[in-house]
Amino acid sequence: MADTTKLLQQLSDHFREGLHKIEHLQQTLEETAIANVASGVSPATMGLIVFVLSVFIGYYVVWKVTPALHSPLMSVTNAISSVIVVGAIVAVISSANSASTLFGLAGVFLASINIFGGFVITQRMLAMFNKKK
Amino acid sequence: METKILLYLVAGVLFILSLAGLSSAKTAVRGNRYGILGMLIAVVTTLAFSMHSWQSALLIYGTIAAGAIIGTAIAKRIDMTALPQLMAGFHSLVGLAAVCVAFAAFYSPTAFGIGTPGHINKFSLLEMSLGAFIGAMTFTGSFIAFMKLQGLMSAKPIRFAGQHLFNGALGVAIAVMTILFTFIQTGDVLTIITLCAAILGVLLILPIGGADMPVVVSMLNSYSGWAAAGIGFTLQNMLLIITGALVGASGAILSYIMCKAMNRSFFNVILGGLGEDEATNADGATEERAVKAGSAEDAAFLMEQAGSVIIVPGYGMAVAQAQHIIRELVDILKSKDVKVKFAIHPVAGRMPGHMNVLLAEANIPYEDVFELEDINSDFSSTDVALVIGANDVTNPAARTDTASPIYGMPILDVDKAKTILFVKRSMGVGYAGIQNELFFNPKTMMLFGDAKKVSEEIVKAFEMM
């Protein structure tokens, strides 16, 4: 727990001024999530709360992205949406039957291509923007 | 369990930071590292907090390694010109992965704690079919977009009679099947839903033309996010929900920006907006009009005399891979004390920001590249506007001709420059199928030919001087 908080703190140092609002939202999100577990709200409702707040965070963050970097934005979102790999891994690990293991493996494979491809291409693009002149 | 969720939250925050970093090129590199770190935390946490045999661990590492090799190889080798199709291809993979996870969850619900086979709770089933539906649609839709962008399929809109009606019927069928699925939970129903969604994905992208691709690619980007969020709901995984929502919102904003830059509504694009009829109307009347064609030498002379030049690149530059030779041209002009700037229209190219990447690739300084609203007022005080492979985004009809299909679209005011040089392959019309009045403007000189060839000739002409 202590480590987690420390890491969070360290990261937020890099936050630019305009993004403080977002940090705030994220905090609210966390608190809401914890409060709701305690009050016994169904996981679906909690998911919905997290979802709606995240859409707002996404909205504010993405409007701040400079238009010149819209292509890297697309490739990095593509990479992070492949976090779906988490679901696929669980399917492989705890699958009771072979059909589900196979689907899980396929998911891990496809998402991995995307994760690595997405981050590498983003890195390549950003390197071009930051080349020494 | 608590620690796992908190670690997922850390990953989620890192993902947010990775997007936030993109507010400037300097912070973006760090942002990308946050993204990678977030993904690492997500994967390691998932593996660390679940009981598993070494066999399955080995299987997972092996599969990730295989994907990593393929993904990295593709991303390292791909030509920046081919970026739009790469993105479409990647989006299709996310879609397919979502479908895979939805099916895995269906066959093994206990693994995700959403019930036992045959007794999955109704809500999870609903979310599952939603995830499979969006995933399948993203998969096939992106695949068609990829085929069109890669030139494996005609970029022209493909339509058939009653298409909207058929799509509507498919949508209704999917809705009915989804409800049915919550009552009789069999794999067959889920398969039918997935297949219907796959067909719908194909039919949605087929009628959309090549130049509307910036919207399509953004939209599919958005879908891939919603698909991930849908799966997140199914698996009750907060990280997936957070990330899916972020990506979905991002793609939606990009789609909005692209639509606005074309002065069209989202539905207008999706329903296959610009018709072919308009194209035939427009050509007929204007074919015979005279244009002034010039040589590379004329162009070099004009630019040498100029105090300032604004270059307007478009898809034609990307296709011809002319960015590197244009950089040489810029260097020559700068050595002759000519001020050079670049003006980028939001929908130039086939995906948002594509021109910026290509110019950056050619080492053209970031500071010389301007967005539409930042440079438009400069044209009136500019000697030469050099348009390379762009067309509709410079068409003054968007300002004046209320009957024009692009009326109201924000354009680059190149017509206000003292002289306009237009590099174009032929007199053909742009994607909107309408003639550009600018070609017949007495201030305009047409330079016919491939963007790269013409640029090379201009550079040569400079060297001869």
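Is it the case that the stretch B:126-135 has a residue that's without any contact (Cβ under 8 Å) to a residue 24 or more places away in the chain and within 10 Å of chain A (Cβ to nearest Cβ)?
Within the stretch B:126-135 (the criterion being without any contact (Cβ under 8 Å) to a residue 24 or more places away in the chain and within 10 Å of chain A (Cβ to nearest Cβ)), the answer is no, since none of the residues qualifies.
Is it true that some residue in the stretch B:170-179 is within 27 Å of A:Val83 (Cα to Cα) and either outside the structural domain of B:Ala362 (by TED's automatic domain parsing) or at pLDDT 90 or above (or both)?
yes
Among the residues of the stretch B:385-435 satisfying the criterion of being of a type in the set (Phe, Trp, Tyr) and surrounded by fewer than 21 Cβ atoms within 10 Å (Cβ to Cβ), which is modelled with the highest pLDDT?
Step by step, filter the stretch B:385-435, then rank; the result is B:Tyr407.
Just give me the residues in the stretch B:70-80 being free of Cβ contacts under 8 Å to residues at least 12 places away in the same chain and within 8 Å of chain A (Cβ to nearest Cβ), in sequence order.
Once the filter is applied, which keeps residues that are free of Cβ contacts under 8 Å to residues at least 12 places away in the same chain and within 8 Å of chain A (Cβ to nearest Cβ), the stretch B:70-80 yields B:Ile70, B:Gly71, B:Thr72, B:Ala75, B:Lys76, B:Ile78.
Considering each residue of the stretch B:168-195, count those that are over 20 Å from B:Gly118 (Cα atoms) and touching a residue at least 40 places away in the same chain (Cβ under 8 Å), and give that number.
Counting residues in the stretch B:168-195 that are over 20 Å from B:Gly118 (Cα atoms) and touching a residue at least 40 places away in the same chain (Cβ under 8 Å) gives 2.
Of all residues in the stretch B:21-47 being in contact with a Lys or Arg (Cβ under 8 Å, 6 or more places away or on another chain) and of a type in the set (Gly, Ala, Ser), which is surrounded by the most Cβ atoms within 10 Å (Cβ to Cβ)?
It comes out as B:Gly21.
Please determine whether any residue of the stretch A:107-125 is outside any helix (DSSP H, G or I) and of a type in the set (D, E, K, R).
no
Only residues that are of a type in the set (Ser, Thr, Tyr) and part of a helix (DSSP H, G or I): list them for the stretch B:431-465, please.
Of everything in the stretch B:431-465, just one residue is of a type in the set (Ser, Thr, Tyr) and part of a helix (DSSP H, G or I), namely B:Ser455.
Please verify whether B:Ile193 is within 12 Å of chain A (Cβ to nearest Cβ), buried (at least 24 other Cβ atoms within 10 Å of the Cβ) and assigned to a helix (DSSP H, G or I), treating the condition exactly as stated.
Answer is no for this residue.
Taking the options B:Leu58, B:Leu40, name whichever one is closer than 20 Å to B:Ile241 by Cα and more than 7 Å from chain A (Cβ to nearest Cβ).
B:Leu40
Report yes if B:Gly151 is among the small types (Gly, Ala, Ser), within 33 Å of the chain's Cα centre (by Cα) and assigned by TED's automatic domain parsing to the domain that holds B:Val247, otherwise no.
yes
Let me confirm something: among B:Phe166, B:Phe123, B:Phe133, which residue is surrounded by 23 or more Cβ atoms within 10 Å (Cβ to Cβ), touching a helix residue (DSSP H, G or I) at 6+ places or on another chain (Cβ under 8 Å) and not aliphatic (A, V, I, L, M)?
B:Phe133
Just need a number here: residues in the stretch A:103-133 that are farther than 21 Å from B:Thr81 by Cβ and more than 7 Å from every other protein chain (Cβ to nearest Cβ).
The total comes to 1.
Scan the stretch B:73-86 and tell me whether some residue there is in a helix (DSSP H, G or I), of a type in the set (Gly, Ala, Ser) and closer than 26 Å to B:Leu170 by Cβ.
No - not one qualifying residue is present in the stretch B:73-86.
Only one residue in B:Ile253, B:Ile242, B:Ile231 is in a helix (DSSP H, G or I), hydrophobic (A, V, I, L, M, F, W, C) and over 18 Å from A:Ser82 (Cβ atoms), so which one is that?
B:Ile253
Which residue is nearest to B:Gly353 (Cα to Cα), if the candidates are limited to the stretch B:8-53 and must be more than 32 Å from the chain's Cα centre (by Cα) and in a helix (DSSP H, G or I)?
For the stretch B:8-53, the residue satisfying everything is B:Thr45.
Count, please, the residues in the stretch B:196-205 that happen to be surrounded by fewer than 21 Cβ atoms within 10 Å (Cβ to Cβ) and within 16 Å of the chain's Cα centre (by Cα).
0
I want to confirm something. Restricting to the stretch B:346-378 and keeping residues that are of a type in the set (Val, Ile, Thr) and facing another protein chain (nearest Cβ under 7 Å), which single residue is surrounded by the fewest Cβ atoms within 10 Å (Cβ to Cβ)?
Checking each candidate, the answer is B:Val369.
Mind telling me which of the residues A:Val50, A:Val83 ends up being in a helix (DSSP H, G or I), closer than 22 Å to B:Gln85 by Cα and β-branched (Val, Ile, Thr)?
Exactly one residue qualifies, and that residue is A:Val83.
For the stretch A:37-57, does any single residue satisfy the condition of being modelled with pLDDT under 75 and surrounded by 12 or more Cβ atoms within 10 Å (Cβ to Cβ)?
Yes, the stretch A:37-57 contains a residue that is modelled with pLDDT under 75 and surrounded by 12 or more Cβ atoms within 10 Å (Cβ to Cβ).
Pick from B:Ile74, B:Ile60, B:Ile69: which is within 27 Å of B:Tyr223 (Cα to Cα) and surrounded by fewer than 16 Cβ atoms within 10 Å (Cβ to Cβ)?
B:Ile69
The values are calculated or read from the model by the stated rules, or taken from the named source; none is laboratory data. Keep in mind it's a predicted model, so treat the numbers as computed, not measured. Note that each Cβ is placed from the backbone with ideal geometry, even for glycine, and that neighbours are counted across all protein chains shown.
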